[in-house]
Amino acid sequence: MPEATPPDVDGVQIDLISGARMENLTGMEKIRLILDGVREGNIVILEEGLSPDEESKLIEVTMTEISPDEFNGIEIET
C-alpha cells in the first residue's frame, strides 16, 4: 500500500533557539540567526534573552532590512 502524503496545509513554524546554541555567537551572529528565521516566515523563540544592546541592535537591523508589507512584528519580553 503506498504511503499517504499529507495534504498541503498552511501551518506555523516555530524555531526554538537554545541558550547553548547562542552562547558562543557574537551579537551580530545572534541577530542574523533570528532574522534568518523570521525571513523564512517562522516564529522565533529564544530560550535565553538578548542583552539590552543586542535587543537595540536587533530592532535597528529589523527596521532597515525587513519590508513593512512582509513583517508582522517583533515582540521582546524580558
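Tabulated values for the structure
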| item | result |
| --- | --- |
| Student exercise, the chain dipole from Lys, Arg, Asp, Glu Cβ charges, in Debye to nearest 20 | 160 debye |
| Per residue solvent-accessible surface (Å²) - the chain, probe of 1.4 Å | 81 Å² |
| Estimated distance in nm for a label pair at GLU55 and THR78, the labels positioned 7 Å out from Cα along Cα-to-Cβ | 0.3 nm |
| With every protein chain in place, the chain: carbon and sulfur % of accessible area (1.4 Å) | 49 percent |
| Mean separation of Cα contacts under 8 Å, 6 or more apart, over the residue count of the chain: relative contact order % | 33 percent |
| Correct choice for Cα extents along the principal axes in Å that was computed from the model, options (1) 35, 27, 17; (2) 45, 29, 24; (3) 56, 33, 20 | (3) |
| Length gained when the stretch LEU16-GLU29 is fully extended (0.36 nm per residue, less Cα-Cα span) | 3.1 nm |
| Angle in degrees between helix 52-65 and the longest Cα principal axis of the chain, rounded to the nearest 10 | 60 degrees |
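The values are calculated or read from the model by the stated rules, or taken from the named source; none is laboratory data. Just so you know, these numbers come straight off a predicted model, no measurement behind them. As a convention, Cβ positions derive from the backbone with ideal geometry for all residues, glycine included, and neighbour counts pool all protein chains shown. Just the protein is used for accessible areas: all its heavy atoms, side chains included, with ligands, DNA and RNA removed. Shrake-Rupley method; radii C 1.70, N 1.55, O 1.52, S 1.80 Å.
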